[in-house]
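Colleague: Right, I'll just put the structure down here and ask away after.
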Amino acid sequence: MTKPGYAADQHPRILEGNDLKALAKYMKSDSCRNVFLMASVSTSAGIPDFRSPGTGLYANLARLNLPFPEAVFEIGFFKKNPIPFYTLAKELYPGRFRPTPTHSFITLLHSHSLLHTCFTQNIDTLERRAGVPAHKIIEAHGSFATQRCIDCKTPFDAEKIKKAVLSEEIEIPRCERRRCKGLVKPDIVFFGEGLPDQFHRSIRNLREADLLIVLGTSLTVHPFASLVDLVPNDCPRVLINLDEVGDFNKPDDVLFLGKCDDIVRELCKELEWEEELDAAWEKTKESLEAGEKGPELEPEPEESTEDEVEKITKNLEQGLKVSDKKDEERPSSKSGKANDLVEPDSVEED
């Protein structure tokens, strides 16, 4: 879809160039009012990515006693044995990680009345913790922000699930409805579940985009990756990523290859937002739970992320040993403790 007065395949250039200076000038202009983001930018916060060959979380989980690495996020497996997921959830739970400067940049887009919608693949809630309003965020794969029973869909108290997950002996939270007692999980989209209705409803809004910024995502997971093609034909699209991904070959497509935090800071310099960025990121220290540590001013994400993946994998391995032992004992109670395994249930297809 194009803006009025332009043909689909022939329109004047919107940007004066394919550099940060031209992008910043456009963002300051009256023509740029609705900025959309597609984001996956948590690795520099120390949170491991899932799919990188060799170093990603799935690659490391392949060595464990799981049916397949992705089983930890598969709804059928979760119904049979929720312990691996909750072991992982304890390591990834919100409050352990600090938002990055890139998350703070998204907050600045909102404070300057430019942000229409941030579509994110991340489940970690770091956009919220950076100060982006919830109504501006579409968590395409769900997140830890809310939770509910997988059977009756009754919402579950946030503090209660946090206490259960972070307790020394992991407790598996269960629905508090007397006649249900079903398993509770965060509203993260598992394999075997559909994407949130809010995601599908929001796609149409991309027709209003004056600018699309793609941050950090590999553009390999659909339908999220397809969003990049749903903005108007004359809408400038910006890719900020370590590697060149996707199909950015239109006249107003701009590629900036490198670390998102570094490039975003350079863009903020051009926008004269650098002091605001520093102030916004400084505030994110308050999002950390007591005793946790966020990234330093000059983080080394590759090394710290590999360490985090190794730690998570070892903890999951121990959780699986506990799970196997309790499975052999075949407990009959349903108190909701970590040693209560669930009988196999049918997996609902998308």
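The values are calculated or read from the model by the stated rules, or taken from the named source; none is laboratory data. Keep in mind that this is a model prediction, so the values were computed, not measured. When we count neighbours, we look across all protein chains shown, and the Cβ atoms used for this are built from the backbone with ideal geometry, even at glycine. Protein only, heavy atoms only, side chains kept; ligands, DNA and RNA dropped before computing areas. Shrake-Rupley method; radii C 1.70, N 1.55, O 1.52, S 1.80 Å.
Colleague: May I ask you to list pairs of residues, at least six apart or on different chains, whose Cβ atoms are under 9 Å apart, with the first in segment 166-187 being on the phi > 0 side of the Ramachandran plot and of a type in the set (Lys, Arg) and the second being open to solvent by less than 10 Å² (accessible area, probe 1.4 Å) and assigned to a strand (DSSP E or B)?
Modeller: From segment 166-187, the pairs are 181/149.
Colleague: Is it the case that segment 208-219 has a residue that's assigned to a helix (DSSP H, G or I), within 26 Å of residue 268 (Cα to Cα) and modelled with pLDDT of 95 or more? Reasoning before the result, please.
Modeller: Going residue by residue through segment 208-219, those that are assigned to a helix (DSSP H, G or I) are 208.
Of the ones still in play, those that are also within 26 Å of residue 268 (Cα to Cα) are 208.
If we keep only those that are modelled with pLDDT of 95 or more too, we end up with 208.
Scanning segment 208-219, I find at least one residue that is assigned to a helix (DSSP H, G or I), within 26 Å of residue 268 (Cα to Cα) and modelled with pLDDT of 95 or more, so the answer is yes.
Colleague: Which of (1) open to solvent by less than 10 Å² (accessible area, probe 1.4 Å); (2) among the β-branched types (Val, Ile, Thr); (3) more than 22 Å from residue 71 (Cα to Cα) is the odd one out, the single condition residue 184 does not satisfy?
Modeller: For residue 184, the failing item is (3).
Colleague: Any residue in segment 20-41 that's under 20 Å from residue 139 (Cβ atoms) and free of Cβ contacts under 8 Å to residues at least 40 places away in the same chain: show its pairings with residues that are open to solvent by 40 Å² or more (accessible area, probe 1.4 Å) and part of a helix (DSSP H, G or I) at Cβ separation under 8 Å, as long as the two are six or more apart or on different chains.
Modeller: Note: no pairs meet the criteria.
Colleague: Can you tell me which residues in segment 57-92 are at pLDDT 85 or above, open to solvent by 20 Å² or more (accessible area, probe 1.4 Å) and closer than 17 Å to residue 123 by Cβ?
Modeller: Once the filter is applied, which keeps residues that are at pLDDT 85 or above, open to solvent by 20 Å² or more (accessible area, probe 1.4 Å) and closer than 17 Å to residue 123 by Cβ, segment 57-92 yields only 74.
Colleague: Kindly indicate whether residue 247 is under 24 Å from residue 26 (Cα atoms) and either outside any loop (DSSP other than H, G, I, E, B) or open to solvent by less than 40 Å² (accessible area, probe 1.4 Å) (or both). Spell out the reasoning first.
Modeller: Numbers: under 24 Å from residue 26 (Cα atoms): yes; either outside any loop (DSSP other than H, G, I, E, B) or open to solvent by less than 40 Å² (accessible area, probe 1.4 Å) (or both): no.
In short, no.
Colleague: Considering only segment 187-204, state which residues are part of a loop (DSSP other than H, G, I, E, B) and open to solvent by 10 Å² or more (accessible area, probe 1.4 Å). Steps first, please.
Modeller: Here is the first cut: in segment 187-204, the ones part of a loop (DSSP other than H, G, I, E, B) are 189-190, 192-196.
Matches in segment 187-204: 189, 192, 193, 194, 195, 196.
Colleague: Can you name every residue in segment 117-160 that is of a type in the set (S, T, N, Q) and in a strand (DSSP E or B)?
Modeller: Step one: of segment 117-160, the residues of a type in the set (S, T, N, Q) are 117, 120-122, 125, 143, 146-147, 154.
Residues satisfying the conditions are 117, 120, 143, 146, 147.
Colleague: Give the residue that is surrounded by the most Cβ atoms within 10 Å (Cβ to Cβ), with candidates limited to residues of segment 205-230 that are touching a strand residue (DSSP E or B) at 6+ places or on another chain (Cβ under 8 Å) and among the charged types (D, E, K, R).
Modeller: Ranking the candidates gives 210 first.
Colleague: While we're looking at this one, here's another question. For segment 93-107, name all the residues that are open to solvent by 10 Å² or more (accessible area, probe 1.4 Å) and either within 25 Å of residue 276 (Cβ to Cβ) or assigned to a helix (DSSP H, G or I) (or both).
Modeller: So in segment 93-107, the residues open to solvent by 10 Å² or more (accessible area, probe 1.4 Å) come out as 93-94, 96-98, 101, 107.
The answer is 94, 97, 98, 101, 107.
Colleague: State whether one or more residues within segment 314-324 are at pLDDT 50 or above, of a type in the set (A, V, I, L, M, F, W, C) and in a loop (DSSP other than H, G, I, E, B).
Modeller: No, because not a single residue in segment 314-324 is at pLDDT 50 or above, of a type in the set (A, V, I, L, M, F, W, C) and in a loop (DSSP other than H, G, I, E, B).
Colleague: Can you spot a residue in segment 149-157 that is under 26 Å from residue 289 (Cβ atoms), open to solvent by 40 Å² or more (accessible area, probe 1.4 Å) and within 23 Å of the chain's Cα centre (by Cα)? Before you say what the answer is, go through the steps one by one.
Modeller: Residues of segment 149-157 under 26 Å from residue 289 (Cβ atoms): 149, 155-157.
Filter again for open to solvent by 40 Å² or more (accessible area, probe 1.4 Å), leaving 155, 157.
Okay, now just the ones that are also within 23 Å of the chain's Cα centre (by Cα), so 155, 157.
Within segment 149-157, one or more residues are under 26 Å from residue 289 (Cβ atoms), open to solvent by 40 Å² or more (accessible area, probe 1.4 Å) and within 23 Å of the chain's Cα centre (by Cα).
Colleague: Being over 18 Å from residue 34 (Cα atoms) and out of contact with any helix residue (DSSP H, G or I) (no Cβ under 8 Å at 6 or more places or on another chain) is the filter here, so list the residues in segment 89-117 that pass it.
Modeller: 96, the sole residue that qualifies.
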